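Notes follow the structure.
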Amino acid sequence: MPALSSRPVGAHTPTSGGLAKAALPYADTTGAKVVQVYVSNSRGWALPNGDPKQDTLFRDGCAERGIPAFIHAALLVNLGSPTPETVEKSTQTLAHALRRGVAIGAQAVVFHAGSSVDEGHAEAAMRQVRRELLPLLDWTADVGGPMLLVEPSAGGGRSLASRVEQLGPYLDAVDRHPMLGVCFDTCHAWAAGHDLAAEGGMTATLDTLVATVGADRLRLIHANDSKDLCGSTRDRHENIGKGTIGEPAFAELMAHPATAGVPIVVETPSEKHIGHTADITTLTRLTTTPRLTPTPPTHLSAW
Ligand SMILES: [Zn+2]
């Protein structure tokens, strides 16, 4: 029987006021068993140094609690951009996040798949992905650093990967480098047209994901309900069970073999910690529900 923590559930965690000082109490209050943090302004290019004391406290605090940590790279990152300056800043931002990941003991750095923006730039965009990502992936492999995790986007705007099938060419672009994993965001997949709310829809989408990327690539899940319709290409997150995806889909998520052992992070609306605490409770309940089914009377076979 897998342990209750086989799908640790946590939240994107605030860090203002100090990484350890803000994030660790937040994890304790919400009951988060995994944390995801920004290490730079999510909507800017500035690349701040960490505070070594806070880094150590954070790393030790996560280790004491048995909590894995993830970094979400700044949202401006776009390796597929037709603007060279944006590509250069994107690469520098990912390099910075990897270095910060080493300092704080993060398991992985998540970044959005990006977009070619202009019609006709799609092929060049994938060549850029290869050129920029391979050195980063080799570097982090050499230093034993965090993995990079590509997260498909909500679709629209000539995104390089939004449907899970598009992760195939993305991984192929870096020769399926072992340090590139995948982060699956439920709200993005729904926005990109995967009907997760249909009975069996989440299961089928995860089956397709595994068939596309292989058994061992899924390293993080962003569990977010949605305010919008399937295929909308809109990325407005809602609390679990309160949106258009609905709770049964998340029950399928928590029961799918591909998600066993994979940390799950909510990026849902939260007034202070309240929304996150409720969503962590809901997802944890969904993952533990199958345990309530009666255990077969195995002692009979011994007789
Ligand atoms: Zn996400």
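Points to keep in mind about this one:
- Residue count, the stretch 195-213 (criterion: surrounded by fewer than 23 Cβ atoms within 10 Å (Cβ to Cβ) and either small (Gly, Ala, Ser) or touching a Pro at 6+ places or on another chain (Cβ under 9 Å) (or both)): 8
- Scanning the stretch 244-257 for residues being aliphatic (A, V, I, L, M) and under 10 Å from Thr205 (Cβ atoms) gives a total of 2.
- Of the criteria (1) free of Cβ contacts under 8 Å to residues at least 12 places away in the same chain; (2) assigned to a helix (DSSP H, G or I), which one Ala97 fails: (1)
- For the criterion of being among the hydroxyl-bearing types (Ser, Thr, Tyr) and assigned to a loop (DSSP other than H, G, I, E, B), Ser42 passes.
- Within the stretch 34-59, being open to solvent by less than 70 Å² (accessible area, probe 1.4 Å) and touching a strand residue (DSSP E or B) at 6+ places or on another chain (Cβ under 9 Å) holds for Val34, Val35, Gln36, Val37, Tyr38, Val39, Ser42, Phe58.
- Any hit, the stretch 260-271, residues being at pLDDT 95 or above, within 16 Å of the chain's Cα centre (by Cα), within 16 Å of the ligand (Cβ to nearest atom) and open to solvent by 20 Å² or more (accessible area, probe 1.4 Å): yes
- Leading residue by the ranking (farthest from Arg176 (Cα to Cα)) among those in the stretch 211-238 that are within 15 Å of the ligand (Cβ to nearest atom) and among the small types (Gly, Ala, Ser): Ser226
- Qualifying residues in the stretch 69-126 (those that are within 15 Å of Ala46 (Cβ to Cβ) and among the small types (Gly, Ala, Ser)) - the one surrounded by the fewest Cβ atoms within 10 Å (Cβ to Cβ): Ala95
- Selection status of Asp172, surrounded by fewer than 17 Cβ atoms within 10 Å (Cβ to Cβ), away from the ligand (no atom under 16 Å from the Cβ) and at pLDDT 95 or above: yes
- Qualifying residue in the stretch 73-86 (condition: within 20 Å of Val143 (Cα to Cα) and without any contact (Cβ under 8 Å) to a residue 40 or more places away in the chain): yes
- Those residues of the stretch 71-94 which are under 20 Å from the mean Cα position of the chain (by Cα) and outside any helix (DSSP H, G or I), in sequence order: Ile71, His72, Ala73, Ala74, Leu75, Leu76, Val77, Asn78, Leu79, Gly80
- Residue match in the stretch 246-259 (condition: more than 14 Å from the ligand (Cβ to nearest atom), closer than 26 Å to Leu133 by Cα, open to solvent by 10 Å² or more (accessible area, probe 1.4 Å) and touching a residue at least 40 places away in the same chain (Cβ under 8 Å)): yes
- Filter result for Ala69 (at pLDDT 95 or above and touching a Cys at 6+ places or on another chain (Cβ under 6 Å)): yes
- Just so you know, in the stretch 214-228 the residues that are hydrophobic (A, V, I, L, M, F, W, C) and in contact with a strand residue (DSSP E or B) (Cβ under 6 Å, 6 or more places away or on another chain) include one that is surrounded by the most Cβ atoms within 10 Å (Cβ to Cβ), and it is Ala223.
- Here Gln54 meets the list (1) in a loop (DSSP other than H, G, I, E, B); (2) in contact with a helix residue (DSSP H, G or I) (Cβ under 8 Å, 6 or more places away or on another chain) almost entirely, failing just condition (1).
The values are calculated or read from the model by the stated rules, or taken from the named source; none is laboratory data. Just so it is clear, the model here is predicted, and its values are computed rather than measured. Please note: Cβ atoms are built from the backbone with ideal geometry, for glycine as well, and neighbour counts cover all protein chains shown. Remember, those area values only see protein heavy atoms, side chains included, never the ligands or the DNA or RNA. Shrake-Rupley method; radii C 1.70, N 1.55, O 1.52, S 1.80 Å.
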